[in-house]
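Report on the following structure.
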């Protein structure tokens, strides 16, 4: 494995010292002069028409500077151009409990809150639509009448490949089941916050806790009806996102609008209860799935029927609708495949993207069914998975281009480390071991906005002191993307991390990056940073050659990419705006420890100090500046939905979980998670491990305890607090032993793929499969709380004969 | 705000006195963040659920969102800003940085306070004691794994086999 200087080393995140000392400024920590405080009045009804709003009492209240309602906005918005259905403030109807209806700007927070309470809203309440099945029925009062439908269907996706009926006929084992999933929330610790600074020209700077400064920039311009150059969006340090800050939000529109109206700086921060009622979390889901398995052919057929409850607005829902099906095309081939997914609107807070977006729930269903099919066909669940995991350089039934796959060896090692063979089916009653696999995208190849702009652009500058500044629109949300960008640049230029400064997520200074979601940043922004650094390296090497009085390296015109599967690794074409993904930038020089040395030729070994090269390059030129971009290769079919889930690289994961189940109480304890994650070449082991630990934490939360509860009649969140929305504590986090052996991806920067999300999904079914091994029952609903496990054990004991180990059958 | 409603308080924070006229309902968290601009201490829920507002009051961790500022008069308040000496980080802070135990960092100030208090009381804690010490503060990024490792390392070993009394 290639030894690098910075890449592949455990590098602490560059912001961690300021975070450890409390100096790091998050959005709510910013202090703008004389900022007005904003409070939002929210709907107490899940479904109502707004008859009248009387703000006169609020306007007369002490300290109040402005009150706005839905009448102050002309445009709705949404992260996807195809579903811009959300108003900043409800206009004629409210669609969920907690929907913003009016907002007050006042001198103090207390005054804003007091004034908001004095706004009189006359509602005509109606019976809310809260049940997703009912949402499919005809109604006189659709939640979104503008769609012209007589029901509450938002999006339908249907795809079929091969011949599922024939495939089921070929299977040795056919299993099916219905699986239920609760709504989840992201659980980040920093509530959403926004502050707006306005200057004398009426231009605004919007500081916001967002994963998507660029999409927010676009939405603000549309909703506020001012040009983009009058708006600057800055993401300060951000206290966790996980998808929950990846949409433009009403409060961001409201804070900006009130700044424009009053000419004053504004600020707001949501309460924790408001965060829960804003939601955007994982969709409540019902999945009917049928899987056919053959001992030699693998999955012969897979059919999936999904209903997802989107809540009141679109958010990322169209993507979620597709992801529930298309992300089943891995980690194993499924040549005969059908899926149908409907997303409905209901009168609940909207659902959107949450870590593992759209792929988590179907993964649970498919991996539990895979286990059941193995049992029925007499196959070892690990061996069967090993046998059928995608081979590298293949195309799935729906046209996904699978390039690097580094899971098989990792799963074999995990089987050894966990003593799978000695344990599976052989542990005493109450102890169990289970396996599950998954895969995930490294960013979407198809951008949300269909245009020809690069998905990521990174700019580099070097000034007289040799310090390198990286400008990127990517949002570091704690996952460490700033550090990743700096590592890529440091490696190419042979400069220490301490000389690199990253300025990111500031639309006024940074080129566009589409944002931090769908695990796209390392692959895409990382490649853009690497490309920018390679261009800079060429400038510096040229200067070094002048100082050494030798000719410049010859940069020949490279040929095209080797193949459909191997786009990276070729020499960069400096005449082209795009150097390609992960190009081979070897130029006959070594750049190490601030020195450029030719590695061959008459001046072999002669060193040119980095700063000398910088100064030489700047002679008569001034500050050095380069730009790098990332563009996904062309892939995919031409059928409807062909772009969903297309990615330039896919991660692969396998987990073997060991559990203890108390048959008396149904309480499940996850003792250990052993596994493997193929993230390509791990750029920063500290970050890779951190992402794996966090994914396991969040996945086990969904497995064992997390669920938002809505009042079934009123649609109110009943557990809008961290006391009642249960997440894993340090005591429930298991021992973790997950390998991430370097498996170089040809197109990822230095061979890297995603690690932030893919590992979440498979840990959940691995626990369900381990529970089956422990006590012989199949759980099909999440979370697998003690009451459900106990009920399943009691029901299972009544119908299922125990085998010789005291465990149930299939 | 009517001046009659204001109350004059003096709080000692990180070794310095701060005298402010405040609304009596001002919490210690609001005092720290809004009156004296010590924004290192975070607001996550205002209800004592998430623990990111943890500070030390006379050396013991408390949730500053559940305490009135006036109740802290006469006590010594230590926030995350009072832990490092200039640019020299406390061993707990160094360990959190070096072990990659900081991702989004929103819980980090509270974790620092929790851990500094633990190590003052128990210089060689067990892993269970470390879990106990951080269990009042939610971290959604790390799964707590690296935070535990970092605190154990700051205590002088990764073994978790400690347990000696202070």
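Each value in this text was obtained by applying a stated rule to the coordinates, not by laboratory testing. Since the model is a prediction, treat every value here as computed from it, not as a measurement. Quick reminder, even Gly has a Cβ in these numbers, built from the backbone with ideal geometry, and neighbours come from all protein chains shown.
Between the C-alpha center of region A:593-611 and that of region A:631-663 there is a gap of 44 Å.
For region B:3-79, what does the equivalent ellipsoid look like in terms of its semi-axes, each the square root of 5 times an eigenvalue of the Cα gyration tensor, given largest first in whole Å? Walk me through the numbers on the way to the answer.
Values: eigenvalues 67, 41, 22 Å².
Values for region B:3-79, descending: 18, 14, 10 Å.
The spacing between region A:484-500 and region A:129-180, judged by their C-alpha centroids, is 49 Å. Entry note, chain B: the mean residue ellipticity at 222 nm calculated from DSSP H runs of n ≥ 4, each adding -39500 (n - 2.57), is -7000 deg cm²/dmol after division by the residues and rounding to the nearest 500. Using the Cβ-Cβ distance between residue A:200 and residue B:19 with R0 set to 41 Å, the FRET efficiency from 1/(1 + (r/R0)^6) comes to roughly 0.70. Percent relative contact order of chain B, based on C-alpha pairs within less than 8 angstrom and at least six residues apart? Answer for chain B is 21 percent. How much FRET efficiency would the formula 1/(1 + (r/R0)^6) give for residue A:228 and residue A:794, where r is the Cβ-Cβ distance and R0 is 56 Å, rounded to 0.05? Taking R0 as 56 Å, the efficiency between residue A:228 and residue A:794 is 0.40. Over all directions, the projected convex hull of the C-alpha atoms in the protein assembly as shown averages 40.8 nm² in area.
Between B:97, B:130, B:55, the residue with the greatest mean-square fluctuation in the GNM of chain B (Cα pairs under 10 Å linked by springs) is B:97.
Placing a pseudo-label 7 Å from each Cα along the Cα-to-Cβ vector at residue A:421 and residue A:221 gives an inter-label distance of 6.1 nm. For region A:584-737, what relative contact order do you get, as a whole percent, if you take Cα pairs closer than 8 Å and at least 6 residues apart? Result for region A:584-737 is 14 percent. Stretching residue A:639 away from residue A:542 to a fully extended chain increases their span by 30.1 nm, per 0.36 nm per residue minus the current alpha-carbon distance.
Largest mean-square fluctuation among B:95, B:84, B:70, in a Gaussian network model of chain B whose springs join Cα atoms under 10 Å apart, belongs to B:84. Report summary: the helix-based calculation at 222 nm, which adds -39500 (n - 2.57) for every DSSP H run with n ≥ 4 and divides by the residues of chain A, gives -8000 deg cm²/dmol. At q = 0.09 Å⁻¹ the log10 of I(q)/I(0) for region A:447-630 amounts to -0.32, computed by Debye summation with a single uniform scatterer per C-alpha, solvent ignored. Per residue of peptide B:82-89, the mean number of Cβ atoms on other chains within 10 Å of the residue Cβ is 2.
Largest GNM mean-square fluctuation among B:128, B:49, B:94, using chain B with Cα springs under 10 Å: B:128.
Under 8 Å for C-alpha pairs, at least 6 residues apart: give me the relative contact order for region A:453-493, rounded to a whole percent. Here the relative contact order equals 26 percent.
Averaging Cα coordinates gives a centre for region A:681-736 and one for region A:220-234; these two points are 35 Å apart.
Between residue A:9 and residue A:574, the simple spin-label model (points 7 angstrom out along Cα→Cβ) gives 2.7 nm. Across chain B, Cα-Cα pairs more than 27 Å apart make up 26 percent of the total. Each label was represented as a point 7 Å from its Cα along the Cα-to-Cβ direction; for residue A:60 and residue A:429 these points are 7.5 nm apart. Normalised by 2.2 N^0.38 Å, where N is the number of residues, the alpha-carbon radius of gyration of region B:91-158 equals 0.93.
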